[in-house]
Amino acid sequence: MVDDCFSPDDQQRFENGLKAFDKLSHDKFGQLFTSYTPEQKKSLLAAIENKKDIPEDALAFYVTVKRYTVQSFTSSKEYMTDIRKYKMVPGPHFKGCVPVTNV
Amino acid sequence: MGDNNNTFDAIVIGSGMSGGWVAKELCEKGLKTLLLERGRDVKHIKDYPTTSMLPWEFKHRGQVPYAIAKDNPVISRCYAFKEDAMHFFVKDTEHPYTQEKPFDWIRGYQVGGKSIMWARQTQRWSDFDFEGPAVMALP
């Protein structure tokens with residue numbers, strides 16, 4: 001998505017954000033986020049969600065990654081078939097005219 | 001002047017939502033009707049490459065890649081210009097036009113015109129919708 005759908009400016013912002021995020025995670029627990037223990041991950045993510053002393057670049061990176069993670073998950077085959085029960089043609093079961101007394 | 005083969009009761013220009021229906025109505029009333037369409041034919045199955053695709057099969061989940069959006073600022077402002085229907089739109093560079101005032105000219109050159117690219121939502125209108133203007137109009 002970043003490669004194909006972002007403008008060069010946004011790609012640069014994303015890259016800067018990635019670096020800022022790496023620096024933030026290193027400053028916090030002395031290593032990169034990917035090497036964190038689950039507890040450390042939770043702690044940093046909570047701090048970011050609360051926007052406590054988080055550099056703007058790192059926050060923007062986090063928001064972008066979170067947005068695409070949620071979008072990717074909720075539009076995946078697994079989510080749309082197992083959880084949302086995706087129906088390609090939902091029409092036949094749609095009742096457009098229901099007496100108010102039945103609502 | 002023309003011979004009988006080239007003489008028509010009605011000539012409809014464009015086979016889109018309006019032209020298509022006009023031609024149908026005229027034909028059904030028995031008029032010898034010529035329907036002109038500048039675009040290509042759209043054959044069932046073969047010319048609908050995305051219709052049977054499931055949402056997760058689109059590489060960018062519907063989003064138009066940046067390079068295409070950048071080259072087509074006008075049609076990119078149309079809600080329906082997405083990964084699933086973008087091949088039916090006239091690209092900005094294919095048929096440029098002069099805009100003296102802002103005007104987004106969204107076009108689809110094919111049999112069916114822009115009826116191919118709509119969002120498939122229709123309102124069921126009641127009598128009120130059709131009588132509204134007459135009832136509400138100032139004397």
(request) Collect the residues in the range B:67-77 that are assigned to a loop (DSSP other than H, G, I, E, B) and surrounded by fewer than 18 Cβ atoms within 10 Å (Cβ to Cβ), keeping them in residue-number order. (result) B:P73
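Please state which one of A:Y79, A:Y68, A:Y86, A:Y62 is surrounded by 10 or more Cβ atoms within 10 Å (Cβ to Cβ), within 13 Å of chain B (Cβ to nearest Cβ) and in contact (Cβ under 8 Å) with a residue 12 or more places away in the chain.
On the way: A:Y79 fails: in contact (Cβ under 8 Å) with a residue 12 or more places away in the chain; A:Y86 fails: in contact (Cβ under 8 Å) with a residue 12 or more places away in the chain; A:Y62 fails: within 13 Å of chain B (Cβ to nearest Cβ).
The unique qualifying residue is A:Y68.
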(message) With the requirement that a residue be more than 9 Å from every other protein chain (Cβ to nearest Cβ), of a type in the set (D, E, K, R) and under 16 Å from A:S7 (Cβ atoms), what does the range B:45-76 give you?
(response) B:D71
(request) Kindly indicate whether any position in the range A:13-25 is in contact (Cβ under 8 Å) with a residue 24 or more places away in the chain and either within 14 Å of chain B (Cβ to nearest Cβ) or exposed (fewer than 12 other Cβ atoms within 10 Å of the Cβ) (or both). (result) yes
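Name the residues in the range B:1-55 that are outside any loop (DSSP other than H, G, I, E, B), among the hydroxyl-bearing types (S, T, Y) and surrounded by 15 or more Cβ atoms within 10 Å (Cβ to Cβ), would you? Please lay out each step first, then the result.
At the first step, the residues of the range B:1-55 found to be outside any loop (DSSP other than H, G, I, E, B) are B:4-6, B:10-13, B:17-28, B:33-36, B:40, B:55.
Within this subset, residues satisfying the condition of being among the hydroxyl-bearing types (S, T, Y) are B:18, B:33.
Selection gives B:T33 alone.
Determine whether A:V98 is within 14 Å of another protein chain (Cβ to nearest Cβ), free of Cβ contacts under 8 Å to residues at least 40 places away in the same chain and among the β-branched types (V, I, T). Working first, answer last.
On the way: within 14 Å of another protein chain (Cβ to nearest Cβ): yes; free of Cβ contacts under 8 Å to residues at least 40 places away in the same chain: yes; among the β-branched types (V, I, T): yes.
In short, yes.
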(message) Is it the case, given these coordinates, that B:D92 is out of contact with any Lys or Arg (no Cβ under 8 Å at 6 or more places or on another chain), surrounded by 12 or more Cβ atoms within 10 Å (Cβ to Cβ), away from chain A (no Cβ under 14 Å) and assigned to a loop (DSSP other than H, G, I, E, B)?
(response) yes
(request) Those residues that are of a type in the set (K, R) and away from every other protein chain (no Cβ under 14 Å), I need them from the range B:77-89; list them, please. (result) B:R77
(message) Just the residues that are among the β-branched types (V, I, T) and under 30 Å from A:S25 (Cβ atoms), please, taken from the range A:53-103.
(response) A:I54, A:V63, A:T64, A:V65, A:T69, A:V70, A:T74
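Taken together, the values in this text are just the output of simple stated rules run on the coordinates, not laboratory data. These numbers come from a predicted model, not from an experiment. Note that we place each Cβ from the backbone using ideal geometry, even for glycine, and neighbour counts take in every protein chain shown.
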